[in-house]
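Contents: one structure, followed by commentary.
The values are calculated or read from the model by the stated rules, or taken from the named source; none is laboratory data. Keep in mind the model is a prediction, meaning the values are calculated, not measured. FYI the Cβ positions are ideal-geometry reconstructions off the backbone, even for glycines, and counts take in every protein chain you see. The accessibility values were calculated without ligands, DNA or RNA, using every heavy atom of the protein model including side chains. Shrake-Rupley method; radii C 1.70, N 1.55, O 1.52, S 1.80 Å.
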Amino acid sequence: MLASHDQQTQTTYRIIYISKLTKMMILLCGVIHTGLFLFFALLNVDSSKAKQSFGENNINLTAISEKWLSYANLLEDSGLNSFWILGTVDFVAQILVLFFMFRLFGLYEKGEIFRVQNCRYLQLIGITLFSYGLAMIFLPALVSLFINLFFEYQKLEIFYYFGSVELTQLIWGSVILVISWVMKEACLMKAEQGLVI
Amino acid sequence: MAIIVNLDVVLAQRKMKLKDLSEILDITIQNLSVLITGKAKAIRFTTLDALCEALDCCPGDILHYQTKSNTELEQD
């Protein structure tokens, strides 16, 4: 019994320590994402064409994930700014996930593991990832449809992207959503455990 | 729930205070209050054993089963 308790304390300590590190990494990632977004927004350039020179070296910056690059090029060929159309969706989804993870690991850092709020954050991460997976598949098609219907640009082809990347995204979303429900059950069990005298 | 905890009654019969019982059993007053108010979900055999020993009674003196019809009649 005592060994088990010691082990539990050691695990809790490990959770707190790793959560602290993870929180820092999430914060760094958020700063990089926001910086990149602001860079593109202020320059008002296309999502895939920002070239930055540092001395003799050139760095190609992209504001969208690689999967959408071909569609971004298609939009740019039609005279549309792909950054504002695709880059914002990418940014919002990633920042939302990072924000929820930051809050979640903040609670883990305090040693609050089985809390209702943790389950809520996990659920929100799952929902965001799943929605992002759906957006990955349908957003280009919806954008093309919307532009073809309401704007007088060159007619855009309707694309559906469905491959291993999108499927993986959907799987991650579902897995985290299920884990959030499992955690919810664990929270209920923990609360009940507190009422055993 | 149909199980009624009569710990407060037994305590009154023994003229014992909740604080004294908590000291004898090494259980917090908060936990004993959870038991008395009927909010407890379960009771360990070790706790029941300690309670019976401290109060010199049987489990049946502390726990009572009340049938559903009796509960409804009492409520009416």
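Remarks
- Of B:Ile3, B:Ile27, the order by accessible heavy-atom surface (1.4 Å probe, DNA, RNA and ligands excluded), from most exposed downward, is B:Ile3, B:Ile27.
- In chain B, taking the dipole from charged Cβ atoms about the Cα centre, the farthest positive-side position among B:Ile3, B:Ala40, B:Cys52 is held by B:Ala40.
- Probe 1.4 Å, accessible area per residue of the protein assembly as shown, Å²: 65
- Checked against a 29 Å cut-off, the cross-linked pairs A:Lys20/B:Lys41; A:Lys20/A:Lys67; A:Lys190/B:Lys15; B:Lys17/B:Lys39; B:Lys17/B:Lys41 give Cα-Cα distances beyond that limit for A:Lys20/B:Lys41; A:Lys20/A:Lys67; A:Lys190/B:Lys15.
- Chains B and A together bury roughly 700 Å² of accessible area, counting both sides, with a 1.4 Å probe on protein heavy atoms only.
- For a label point 7 Å along the Cα-to-beta-carbon line of A:Met189, residues of the range A:92-134 with backbone N under 18 Å: A:113-120
- Compared with the dominant principal axis of the Cα atoms in chain B, helix B:45-55 is inclined by about 80°.
- Residue by residue along A:191-197, Cβ atoms of other protein chains within 10 Å of the local Cβ number 6 on average.
- Per atom type, the protein assembly as shown shows carbon and sulfur on 62% of its accessible surface, probed at 1.4 Å.
- The packing ranking, built from the mean of other Cβ atoms within 10 Å per residue, places the peptides A:91-101, A:186-196 in the order A:91-101, A:186-196, highest first.
- Backbone HN-Hα couplings from phi across the range A:85-101 [Karplus 6.51/-1.76/1.60, Hz, Gly and Pro as x]: 7, 9, x, 5, 5, 4, 5, 4, 4, 5, 5, 4, 4, 5, 5, 5, 5
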